[in-house]
1. Excluding Thr408 itself, calculate the net charge of residues whose Cβ lies under 15 Å from the Cβ of Thr408, where each Lys or Arg counts +1 and each Asp or Glu counts -1.
2. Calculate, in nm to one decimal, what Asn391 and Asp248 gain on full extension: separation in residues at 0.36 nm each, minus their alpha carbon distance.
3. Which whole-number value in Å² is the accessible area per residue of the chain, probe 1.4 Å?
4. Could you please report the charge total around Thr565, scoring K, R as +1 and D, E as -1 over all other residues with beta-carbon less than 13 angstrom from its beta-carbon?
5. Carbon and sulfur together cover what percent of the accessible area of the stretch 299-420 at a 1.4 Å probe radius?
6. Express in whole angstrom the spacing between the alpha-carbon centres of the stretch 206-242 and the stretch 563-602.
7. At a Förster distance of 35 Å, what's the computed FRET efficiency of Glu584 paired with Asn462, Cβ-Cβ distance as r, to 0.05?
8. Bin by bin, in steps of 5 Å, what percent of the Cα pairs in the stretch 525-603 do you find, going until the bin that has the longest distance?
Amino acid sequence: MAKLILTLSILLSSLIGNSQCEGVITYTVDTPPGPDNTYPPGTTVQLCVTMTGWNGNSEGSNWNEGFGLNLGVGWATATPVSPPADAESDASGTWLWMTNVTSDATGLTAGPGYFFEGPSGPTDGNPGNDWGDYCMNGDCIWTFCVDLTAQNIGQPLDLHIGVTPYADGTMGSWGTEMCTPTQNVIFDGSIGCLIIGCTNPIACNYNPNAGCDDGSCVQPGCTDPAACNFNVNAPCDDGSCTYGGCTDPLACNFNPLAGCDDGSCGYFSMSDITHNFVPCPDTTCTGSEVTYSVTGNQFSIYDWHITGGGLVTTDQTSSCEIIWSDTPGTYTVTVQEITAQGCVGDVKTCDVVVVFPDITFDTSQYKICLNDDIRLNAYPPGGHWSSEFMNMSTFIGTKPGTYYPSYTTNIYGCDVNESVKVVVKPKYEAPPITYTTEFIDLCMESGDTYYLTPDSLDYTYNWFIENSKQNESSNELFVQWPDTSRVYLIKVIGYDEIGCESEPGLIAIKVEACQRFFAPNSFTPNGDGTNDVFKISGMSVYQPTLRIFDRWGNEVYRSSNLWWTGDGGNGYYCNTDVYNWIIEYRDKNGFHKTDKGFVTLIR
């Protein structure tokens, strides 16, 4: 029997003229009464009551205290299902199911029903000694549900149902009783049946007028002996006959209309395609032979194809061999399973990229200097190098020449070998040095001299004078020779575009100083006429300034003469000690010169 939900909306003004506080009452029952307004013995009905709105705030500040049920004697039990929700914004109260409640204010007793354990008064499980549920704007909604079970006896007992909303001035502890409690009648009926018969709508002998079932219902069934569910006891056919077929939803020939399984089920078992037991997609090289396979039922047929680029060899089993051609490209391998039951499965595919196997070096030619080394880089990595000059992936250029080390690796299953060119450059010949003279007399010519090595390749150079590196990298060196007599060794080394150096170019330059000074290293200014004066003698000294310093750097004497008598000026005589001297002057060519030394004064 289909479940019927009956909804009744009751407006207060049409039911209770004196109830000025309660809102609009509606209810539902999940089981309707019979045509004679009765329920069979033992029937359980779920009742849900909803009240929308509350007007008691303006009637002496009365709040909603509870809902009392008014039940006839035919109801055996009332079981709570769900309480109303707390209407207060702070949810400070609780709705309780009570068999009875007595008000502290009026002494009135009501119940069973749901009553509010309010925010004022003790929380003791007695809603009668505190206030009700406060609905601030008067538009709250309360809903509760109970199960009502009729007594299981065949007597026409009263099954009356009523519900009475109460204010806290009536059933709580609020002292202002201004809301009149009024019962809202929901149902008036009884236990009993006027017509007894079969009440099951699917029975062969269903009686739609019967209010109570007498147990006489005869159930229908399948009356076809060829059906899977043939019922020899069925007096009438209900159209439920089903027939044999494959009943497994996982089978490829599943029959949703089959009533019983006849053992004909077939199944797809084919996996995805793998290449040499590796999942697709696949990348392989031209000319390679690859095995493609699936796992599946050994009794199935497997139909293999490719979209081009190779030759398929297969006996319609779960694997095939493909020899790929020398034409690179992207191709697709397909396979379709056909079961022994004739089911044709989905097409499985494997995309295959066929490439020409090629090793890539980071350059077409390596160049290194003699006795240098260089790392050779090849892609894909993981291969090995072959050459007497290789150490792992490093080429060591111990001998000049051109070499072709080879690299071997595996590319998508194919062994590939390629070589790369390595040039080991020898040291090239020493660059020649062009100069004007190997002998420089500073009294006869300037000390400013240029030295040049011819260059047409824009190489760089390192210049050295007496193994002291000069701050010059071009092919030209400018030197200002000091006024000192000695032989200097000039060396130049060239470097080509990759830094390989040449043999050194060498020349020797002799410089003859113009100033031929003599400066004694001691004197004794004691007045004995012997060695009393420190005197510098020489040639081509013009505009001289002689300065004498003590060991702490203090200047004790200055003069435009080239001698010193050991005095410090103003009648002060210097003590025995070591003194430093500096002379600044111009030579015969007008060049500014400086010379220095030390002298010991002994008294």
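1. -3
2. The Asn391-Asp248 span can extend by a further 44.8 nm.
3. Values: 31570 Å² over 603 residues.
So the chain comes to 52 Å² accessible per residue, rounded to a whole number.
4. Numbers: positive: Lys535, Arg603; negative: Asp532, Asp567.
In short, 0.
5. Values: 3440 of 6830 Å².
About 50 percent, which is the carbon plus sulfur part of the accessible surface.
6. Spelled out, the Cα-based centre of one part sits 144 Å from the other.
7. Details: r = 34 Å, r/R0 = 0.98.
Computed FRET efficiency for Glu584 and Asn462: 0.55.
8. So the P(r) values, bin by bin, are 3, 14, 27, 23, 16, 10, 5, 2.
The values are calculated or read from the model by the stated rules, or taken from the named source; none is laboratory data. Just so we're clear, the structure is a prediction, and the values are computed from it rather than from any experiment. Backbone-built Cβ (ideal geometry, glycine too); neighbour counts: all protein chains shown. Heads up: the accessible areas ignore ligands, DNA and RNA and are worked out on the full protein's heavy atoms, side chains in. Shrake-Rupley method; radii C 1.70, N 1.55, O 1.52, S 1.80 Å.
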